[in-house]
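Remarks on the structure that follows.
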Amino acid sequence: MSKVCIVTGASSGIGRASSVALYRAGHRVVLSGRRAPQLEETADLCKKEGSSGDTLVVTSDINTVEGVKTLFVETIKKFGRVDMVFNNAGQGSSAVPVEDVPLSTFDLVMSVDVRAAFMITQEAVRQMKSQIPQGGRIINNGSISAHVPRVQSTPYTMAKHAISGLTKCTQLDGRKFNIACSQVDVGNATTNMGGKGDPRKQASGHLLVEPSFPASDVGDVIVYITSLPLTTNIATLTIMATNMPYVGRG
């Protein structure tokens, strides 16, 4: 069954891979982001799949109330409803000791990773509660930093812990409205943010080139969760490179 899916941060990385995977599966995909040329590139990649899906490019700043409103207004105008929202847009931060993190960096990460996700969730819940048939699914990109931090990653780790709270609250408050909420925690997908073979600082102080895996694998997970009936939910899911130094002591 074709569903209307909004993907934020669809211009690159996991957002692009997930958009292409959703389109390939026959869904109608709304590509959200601030960079129109890159969003159009994602749309072109979708169309090369040759499926029965459809795309809509919405260029707006989801860090603003107006940008979030525009995203949903344009989606409803074309498709009439929203079945799934992938809260994927994110902002990383450089490895800096906690005492040296500029407030401007902290504010930027919190704005993109937390405030925008919160506003998107609010608007998604409003729409999913009001549409007929009622309900829908929200998937949050959490990161394994929602569980275990990297060295010198305070802003990003704090933001992803906040996303875990948003996920749980949405799961709870969405129950009676047939709204499901999942969190996908990604470890070392090959993206600009997730890593491209650059050495990462370890807790021991050493640098290590960590194993990674294709972002397309995350896209396949997003498609699977989207395919589930709303009576079934995957509360949290971790997808990571098998040999990533995460479980145990590294």
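Report the far tail of the P(r) of segment 58-109, meaning the percent of Cα-Cα pairs longer than 17 Å.
Details: 702 of 1326 pairs.
Here the tail beyond 17 Å accounts for 53 percent of pairs.
If you average the C-alpha positions of segment 96-127 and of segment 58-86 separately, how far apart do those two centres end up, in angstrom?
Result: 19 Å between the Cα centres.
Go ahead and set up a Gaussian network model of the chain, Cα springs under 10 Å, then flag whichever of Val85, Val109, Val65 fluctuates most.
Comparing Val85, Val109, Val65 in a Gaussian network model of the chain, the most mobile one is Val65.
Share of Cα-Cα pairs in segment 1-120 beyond 16 Å, in percent? Show your work: numbers first, answer last.
Values: 4256 of 7140 pairs.
Here the long-distance tail beyond 16 Å is 60 percent of all Cα pairs in segment 1-120.
What's the magnitude of the charge dipole for the chain around its Cα centre, counting Lys and Arg as +1 and Asp and Glu as -1 at the beta-carbon? Answer in Debye, nearest 20. Working shown, then result.
Details: 25 positive and 20 negative charges, 120 e Å.
Computed charge dipole of the chain: roughly 580 debye.
Against the longest alpha carbon principal axis of the chain, how many degrees, from 0 to 90 and to the nearest 10, is the axis of helix 116-130 turned?
Roughly 30 degrees, rounded to the nearest 10.
Just to confirm my numbers, what's the Cα centroid distance between segment 132-204 and segment 32-47 in Å?
If you average the Cα positions of each part, the centres end up 23 Å apart.
So, R0 is 22 Å and r is the distance between the beta-carbons of Lys176 and Ala235; what FRET efficiency does that work out to, to 0.05?
Working: r = 17 Å, r/R0 = 0.78.
According to the calculation, E is roughly 0.80.
Could you list which residues have their amide H under 5 Å from that of Asp61, counting only those 5 or more apart in sequence or on another chain, with H placed in the peptide plane?
Gly67
Evaluate E = 1/(1 + (r/R0)^6) for Lys129 and Leu108, where r is the Cβ-Cβ distance and R0 equals 30 Å; express this FRET efficiency to the nearest 0.05.
On the way: r = 31 Å, r/R0 = 1.04.
Result of the calculation: an efficiency of 0.45.
If every alpha-carbon in segment 1-65 counts as one equal scatterer, what log10 I(q)/I(0) does Debye give at q = 0.27 1/Å?
Debye curve over Cα of segment 1-65, log10 I(q)/I(0) at q = 0.27 Å⁻¹: -1.10.
Can you tell me which of Asp54, Asp113, Asp173 moves the most in a GNM of the chain? Springs connect C-alpha atoms under 10 Å apart.
Top of the fluctuation ranking is Asp173.
Net charge within 14 Å of Val184 by Cβ-Cβ distance, Lys/Arg positive one each and Asp/Glu negative one each, not counting Val184 itself? Present the calculation step by step, with values, prior to reporting the outcome.
Numbers: positive: Arg137, Lys160; negative: Asp185, Asp217, Asp220.
Local net charge: -1.
Less than 16 Å apart at the alpha-carbon level, and either on another chain or at least 8 residues along: which aspartates and glutamates does that give for Lys48?
Glu40
Name the residues whose placed amide hydrogens come within less than 5 Å of the amide hydrogen of Gln183, ignoring near sequence neighbours (fewer than 5 apart) on the same chain.
When sequence neighbours closer than 5 places are left aside, the close amide H contacts are Asn140, Thr236, Leu237.
Taking the 0 to 90 degree range and rounding to the nearest ten, how far is the long axis of helix 65-79 tilted relative to the main principal axis of the chain, both from C-alpha atoms?
Taking Cα atoms only, the helix is inclined about 40 degrees.
Compute the long axis of helix 154-174 from its Cα atoms, compare it with the longest principal axis of the Cα atoms of the chain, and write down the angle in degrees, 0 to 90, nearest 10.
Compared with the principal axis, the helix lies near 30 degrees.
Restricting things to alpha carbons, find the Rg to Rh ratio for the chain using the Kirkwood radius for Rh. Mind dumping the intermediate values first?
Details: Rg = 17.5 Å, Rh = 18.2 Å.
Value, to two decimals: 0.96.
With a Cα-only, solvent-free Debye model of segment 197-241, what are the log10 I(q)/I(0) values at q = 0.19, 0.24, 0.26 Å⁻¹?
Here log10 of I(q) over I(0) equals -0.72, -0.88, -0.95.
Using Cα positions and a limit of under 30 Å, work out the lysines in reach of Lys176, with same-chain residues fewer than 8 apart set aside.
Lys3, Lys69, Lys77, Lys78, Lys129, Lys160, Lys168
From the helices alone, meaning DSSP H stretches of at least four residues, give me the mean residue ellipticity at 222 nm for the chain, per-run term -39500 (n - 2.57), in deg cm²/dmol to the nearest 500.
Values: 7 runs with 96 residues, N = 250.
After summing the helix terms and dividing by the residues of the chain, the value is -12500 deg cm²/dmol.
First check a/c for segment 168-250, with a ≥ b ≥ c the square roots of the eigenvalues of its C-alpha gyration tensor; if it is under 1.5, answer rounded, and if not, answer prolate when a/b is larger than b/c or oblate otherwise. Don't skip to the end; give the middle numbers.
Numbers: a/c = 3.28, a/b = 2.17, b/c = 1.51.
Judged from the Cα gyration tensor, segment 168-250 comes out prolate (a/c at least 1.5, a/b above b/c).
Go through segment 239-244 residue by residue and turn each phi into a ³J(HN,Hα) via Karplus (6.51, -1.76, 1.60, θ = phi - 60°); whole Hz please, and just put x for glycine and proline.
Whole-Hz 3J(HN,Hα) from phi for segment 239-244: 10, 8, 4, 3, 9, 5.
Values quoted throughout were computed directly from the atomic coordinates according to the rules given, and no laboratory measurement underlies them. Everything numeric here is computed off the predicted structure, so don't read it as measured data. Positions of Cβ are backbone-derived with ideal geometry, glycine not excepted, and every protein chain shown enters the neighbour counts.
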